[in-house]
1. Would you point out the residue of region 548-599, among those that are part of a strand (DSSP E or B) and either farther than 16 Å from TYR503 by Cα or charged (D, E, K, R) (or both), that is nearest to the chain's Cα centre (by Cα)?
2. Can you tell me which residue in region 128-151 is farthest from GLY305 (Cα to Cα), limited to those that are in a loop (DSSP other than H, G, I, E, B) and in contact (Cβ under 8 Å) with a residue 60 or more places away in the chain?
3. Give me the residue from region 346-387 that is of a type in the set (A, V, I, L, M, F, W, C), surrounded by fewer than 24 Cβ atoms within 10 Å (Cβ to Cβ) and in contact (Cβ under 8 Å) with a residue 40 or more places away in the chain and, out of that set, farthest from VAL77 (Cα to Cα).
4. If a residue must be modelled with pLDDT under 80, among the basic types (Lys, Arg) and touching a helix residue (DSSP H, G or I) at 6+ places or on another chain (Cβ under 8 Å), how many such residues does region 53-105 contain?
5. So which residues in region 484-503 are under 27 Å from LYS559 (Cβ atoms), of a type outside the set (Ser, Thr, Tyr) and in contact (Cβ under 8 Å) with a residue 24 or more places away in the chain, if there are any at all?
6. Looking at this structure, is SER316 under 21 Å from GLY112 (Cβ atoms), under 29 Å from the mean Cα position of the chain (by Cα) and not in a helix (DSSP H, G or I)?
7. Counting only residues that are surrounded by fewer than 24 Cβ atoms within 10 Å (Cβ to Cβ) and under 21 Å from the mean Cα position of the chain (by Cα), how many does region 36-49 have?
8. Tell me, please, whether a residue that is surrounded by fewer than 23 Cβ atoms within 10 Å (Cβ to Cβ), part of a helix (DSSP H, G or I) and free of Cβ contacts under 8 Å to residues at least 12 places away in the same chain can be found in region 293-303.
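The values are calculated or read from the model by the stated rules, or taken from the named source; none is laboratory data. This is a predicted model, so every value here is computed, not measured. Because the Cβ atoms are built from the backbone with ideal geometry, glycine has one as well, and the counts that use them run over all protein chains shown.
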Amino acid sequence: MSFPSLSDTVRHWLRTVQGGTGFRLLLLSALVGAVAGCGALAFYFATNAVDHYLLGQTAHFHPPIEGHLATQEMRPVNTLQMDVSWLLYLMPMVGGLISGWLVYRYAPEAEGHGTDGALEAFHRRGGQIRGRVPLVKTLASIATIGTGGSAGREGPIAQIGAGFGSFVATRLGLTVSTRRILLLAGMAGGIGATFRSPLGGALFAVEVLYRDPEFEHEGLIPSIIASITAYSLFGAVTGWEPLLATPHFKFEHPGELILYCALGLVCALFGAGYVKVFYGLRDYFKRLRCPAWLKPALGGLLLGGLAMMVPQVLGSGYGWVQAALYGKMALSVMLVVAVAKIVATSLTISSGGSGGVFAPSLVIGAMLGGAFGALAEQLFPALTQDPQAYVLVGMAVFFAGVANAPIATLIMVSELTGNYGLLAPLMLVCVVAMIAMRRNGIYEKQVNGRIDSPAHFGDFVIDVLEGARVGELESKGREATLIPVGMTLPDVLQAISTAKSAYFPVVDDDDRMLGIFSLNDIRRILNEEIPPGLVVAGDMATRQVIYATPNEALTEVMKKITSRNLEEIPVVNSAQPDRVLYMLSRRSVLAYYAEQVEKTRGQYQQ
């Protein structure tokens with residue numbers, strides 16, 4: 001006696017659930033969110049445990065911590081020097097060695113910051129992510145981040161959640177479109193939980209797909225459900241406090257928007273440099289002639305050398321952001337950390353290490369914002385209300401620019417700080433940064449818009465076809481070669497010898513169509529042992545003619561051509577279906593599709 005598998009049982013249960021496909025999708029989104037929340041918890045505790053043991057106890061590296069408790073005993077940071085063990089500088093190399101071996105041995109697609117992997121799976125792989133990728137990504141990222149690599153949790157947890165969403169859809173035999181949606185739901189759940197940002201996580205998953213200001217609206221509700229589920233599970237275990245504590249910032253001086261806009265332009269300038277350094281080092285490491293699995297270790301060794309001068313570049317860096325938010329970091333220190341963090345993140349991830357770019361981007365933006373605020377207070381004291389507020393704005397603005405995701409970013413930063421007092425300047429400056437850095441982001445696998453995504457190409461073709469009629473292609477039609485019903489085979493061969501068509505209507509004495517035959521029909525007759533003079537056109541013709549009329553929708557005609565694998569179809573008079581007007585080929589229809597899609601693409605991108 002055999003028992004059904006778990007996936008078969010779940011699939012059967014989902015079919016019996018009342019409420020239709022939409023309700024079943026929401027149930028699956030909640031399931032994906034629950035698993036993403038568990039994955040976020042496991043990733044969180046494992047990373048913290050490795051960090052505490054290797055960096056804290058072994059290398060005596062104790063940076064400021066984030067959160068409300070950290071603000072009570074936080075000391076000013078006026079120098080880059082820290083009292084640490086020399087072992088600290090070897091830790092990133094060890095992490096890179098472990099990460100490189102895991103990734104290049106078991107799942108090469110898990111290298112890098114992870115989010116690009118999920119984006120490529122959505123756009124070009126039908127939502128497919130190999131089952132081993134989330135596990136390999138988890139272990140490799142723990143090794144990278146836990147040993148001081150300058151990387152964050154956003155990329156790994158996005159790929160972990162997305163991988164489970166893809167796995168569920170594949171195991172249950174769901175459609176490609178549903179698999180893509182569950183992939184987004186997994187991303188949203190992982191990010192919403194890890195950064196304690198349920199709304200921001202959901203918006204990030206559906207906004208980060210495109211460089212233009214667009215959302216994957218079909219995935220929004222499932223992403224919200226998954227994000228809420230994951231966030232609730234994560235919060236129930238770790239607590240509900242925001243990731244970062246902030247003073248009570250508020251926006252009361254509209255004139256200060258001028259300074260905020262200037263900060264946006266500064267962050268966009270540094271963001272462009274960040275992207276160039278990031279991918280410039282990536283190309284350099286690719287050209288190196290050494291085993292791929294050793295390259296992350298080399299990146300880690302170089303990172304250790306940088307950390308000897310600027311230890312603040314190690315790890316996620318949230319503690320330094322916390323210090324900047326309370327004005328505990330000197331202007332010069334913040335500037336040095338901002339520049340050094342760009343190099344450190346590039347060495348960590350561009351070499352093939354595993355980790356996200358969200359946390360490093362927040363640190364870079366916070367340091368730039370803090371330095372800008374301190375300088376603005378000195379130069380424009382009457383206009384600068386609170387220099388620490390620029391730290392929070394800088395966090396959001398920098399990542400909004402490099403990620404081309406302004407809406408999600410401003411919500412995420414507001415949620416992870418628990419501070420909505422600066423929402424107005426955040427809205428303005430995130431848009432300014434995105435416009436200034438448009439199409440120059442950190443995520444290579446983003447596409448410009450929905451029309452540029454292979455996942456949606458068919459949607460736009462269908463839209464074009466539904467508005468088109470056969471009569472619009474009259475100029476692309478060919479004159480029909482009409483064959484009299486009684487013409488013998490030798491005469492038929494003579495008549496079609498110069499014809500460009502592949503199908504030939506058979507007509508009576510009044511040119512009324514009685515049937516149609518193709519070149520394949522002639523070949524079939526020639527292969528039979530029948531005297532050619534005894535075969536007439538009527539013998540070769542098919543009486544059930546598939547035809548089109550000028551007023552018929554092109555979508556219906558394409559279905560006829562495709563379903564019967566026809567190369568041509570006769571277009572007849574609507575009032576007299578036995579009167580052939582011209583022949584329309586499959587190639588002409590496809591050429592018309594291509595023209596209309598290109599026209600639509602051009603209008604869309606203007």
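1. Applying the first criterion (part of a strand (DSSP E or B)) to region 548-599 yields 548, 553, 568-572, 580-585.
So of that shortlist, the ones also either farther than 16 Å from TYR503 by Cα or charged (D, E, K, R) (or both) come out as 553, 568.
Details: ALA553: 34, GLU568: 40 Å.
Among those that are part of a strand (DSSP E or B) and either farther than 16 Å from TYR503 by Cα or charged (D, E, K, R) (or both), it is ALA553.
2. Filtering region 128-151 down to residues in a loop (DSSP other than H, G, I, E, B) leaves 128-131, 147-151.
Next cut, in contact (Cβ under 8 Å) with a residue 60 or more places away in the chain only: 147-151.
Numbers: THR147: 14, GLY148: 12, GLY149: 12, SER150: 13, ALA151: 17 Å.
So, considering only residues that are in a loop (DSSP other than H, G, I, E, B) and in contact (Cβ under 8 Å) with a residue 60 or more places away in the chain, the one farthest from GLY305 (Cα to Cα) is ALA151.
3. Let us first name the residues in region 346-387 that are of a type in the set (A, V, I, L, M, F, W, C), namely 347, 349, 357-359, 362-364, 366-368, 371-372, 374-376, 379-380, 382-383.
Filter once more, so that each one left must be surrounded by fewer than 24 Cβ atoms within 10 Å (Cβ to Cβ): 374-376, 379-380, 382-383.
Subset that is in contact (Cβ under 8 Å) with a residue 40 or more places away in the chain: 374-376, 380, 383.
Values: ALA374: 14, LEU375: 17, ALA376: 20, PHE380: 24, LEU383: 26 Å.
The extreme case among them is LEU383.
4. Number of matching residues: 0.
5. At the first step, the residues of region 484-503 found to be under 27 Å from LYS559 (Cβ atoms) are 499-503.
Next cut, of a type outside the set (Ser, Thr, Tyr) only: 499-500, 502.
If the condition is that a residue be under 27 Å from LYS559 (Cβ atoms), of a type outside the set (Ser, Thr, Tyr) and in contact (Cβ under 8 Å) with a residue 24 or more places away in the chain, then ALA502 is the only one that fits.
6. On the way: under 21 Å from GLY112 (Cβ atoms): yes; under 29 Å from the mean Cα position of the chain (by Cα): yes; not in a helix (DSSP H, G or I): yes.
The answer is yes for SER316.
7. Qualifying residue count, region 36-49: 0.
8. The answer is no, given that none of the residues of region 293-303 is surrounded by fewer than 23 Cβ atoms within 10 Å (Cβ to Cβ), part of a helix (DSSP H, G or I) and free of Cβ contacts under 8 Å to residues at least 12 places away in the same chain.
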